[in-house]
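Q: Take this structure, written in C-alpha cells, and hold onto it; I'll ask about it next.
What follows is calculated from the coordinates using simple rules that are stated; it is not laboratory data. Predicted model, so just to flag it, every value in this text is computed and none were measured. We place every Cβ from the backbone using ideal geometry, glycine too, and count neighbours over all the protein chains shown.
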C-alpha cells in the first residue's frame, strides 16, 4: 500500500493540469465566440444598410422619371399648345378650358399645385387658386434647359411666400410657328411631405437610431435636403462643410460608395451605406448608430462571460469534490493500515512442556 500515495499525488496533479487547461480554454472559446458573433452581426447590419440604400435610391430614380413623364404630357401636345396660345393672345374663353384641364391633372396625380407660366415665368393660371407671388422661381440652369425644349425637375427650394419646401417639374410649351420658341411653361409643384419625406423616414426593420439622409453638394458644403430624426427643421438649412471628411454625408458628396464609418450631424459614431441617386444631384446615406450595432455584441459578450464563469465554477466544484473524495479515501486507508498490519503479523504459539514420566 505504500505505492498508493504517489499514485494519488499523480492523480491530483493530473486533475490540477486538467482544470488549468479548462481555465485557459473556456475564456478563449468564449472570446472566440464573441468575435465570431460580432463579425457576423456586423456583416448582417452592413448588408441591411446596403439593401436599404440601394432600394431607396432605385425608388427615387423611378420617382423622378415618373414625374418627368407626367410633365411630358404638356410638351409636344398640339391641342394643348393651341389652347395656351389662344389664352396668351387674350382669348378669355380658353382660360376656363385650361383651368379645367389643369385641375383634373392636379387632382389625378396629387400635385400640390399646377401652374401655367408665360415665357417670362409670370404665373398666369394657378390651380388650385391661391395667393401667389407674380413670378415663379426658375433657376438659370432650368431656364436654359426649358428654352432648349427639355423638361426639367427643379430641385428642392424654399417658397418665399409660404416658407415651405417644394420641388417642381417644368415642362416647356413650344411655339412651332415661331421656330419652337418658348411659349409657356407648365409647372407641377410637389410637396415633399406627401411622399418623399415619409418614404425617406421609413425603415424596413425595427431600429431606434436608423435614418436615411438625402443630400446634395452645394458649393463647399453638403446640404441636407430632408427632415432629420434628431434635428427638426434642418431641411435645406443644415450644412456640413466638405472639409469634414469624417462625416458620411461628406464622404458621399466626395464620391465614396458602399459602407463607411464616421460621425453624424450629432457627432455620434455611426455606420453608414452611401450611394448616389442616378440621374440626379442627390446622394443617399442610410446610417445607424454604432452603439446600436454593438449592443447585441455586448449582450452576447456578457452571456459568454457568464457561461464561461459557470463552467469554471462547475469545474472548480468538481475538482474540489474529487480532491475531497481522494483525501477521504486516503484517510480511510491510513486508518485501516495498522489493523491490516496487525492482522498480517505472525502469531507465536506457547511451547508445551514435555510431561514427566514417572521414574
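Q: Does segment 116-171 come out rounded, prolate or oblate by the C-alpha gyration tensor, with a ≥ b ≥ c the root eigenvalues, rounded set by a/c under 1.5 and, if not, prolate when a/b is larger than b/c and oblate if not?
A: Here segment 116-171 falls in the oblate category.
Q: Moving on to the next point. Sequence gap at least 6, Cα distance under 8 Å: using those rules, report the relative contact order of segment 55-135 to the nearest whole percent.
A: Over segment 55-135, the number comes to 15 percent.
Q: Shape call for segment 185-268 from the C-alpha gyration tensor, a ≥ b ≥ c root eigenvalues: rounded (a/c under 1.5), prolate (a/b greater than b/c) or oblate?
A: Oblate, since a/c reaches 1.5 and b/c is not below a/b.
Q: Continuing with this model, one more query. What's the center-to-center distance, using Cα atoms, between segment 218-273 and segment 86-122 in Å?
A: Taking the Cα centre of segment 86-122 as reference, the centre of segment 218-273 is 40 Å away.
Q: Tell me, how many Å apart are the Cα centres for segment 127-200 and for segment 38-77?
A: Computed from Cα coordinates, the inter-centre distance equals 23 Å.
Q: Turning to a different aspect of this structure: Go through 163-173, 65-75, 249-259, 127-137 and give me the packing order, highest mean Cβ count within 10 Å leading.
A: So the peptides 163-173, 65-75, 249-259, 127-137, ranked by packing, come out 163-173, 249-259, 65-75, 127-137.
Q: Tell me whether segment 43-198 comes out rounded, prolate or oblate; compute the Cα gyration tensor, take square roots of the eigenvalues as a ≥ b ≥ c, and use a/c under 1.5 as the rounded threshold.
A: Since a/c reaches 1.5 and a/b is larger than b/c, the shape of segment 43-198 is classed as prolate.
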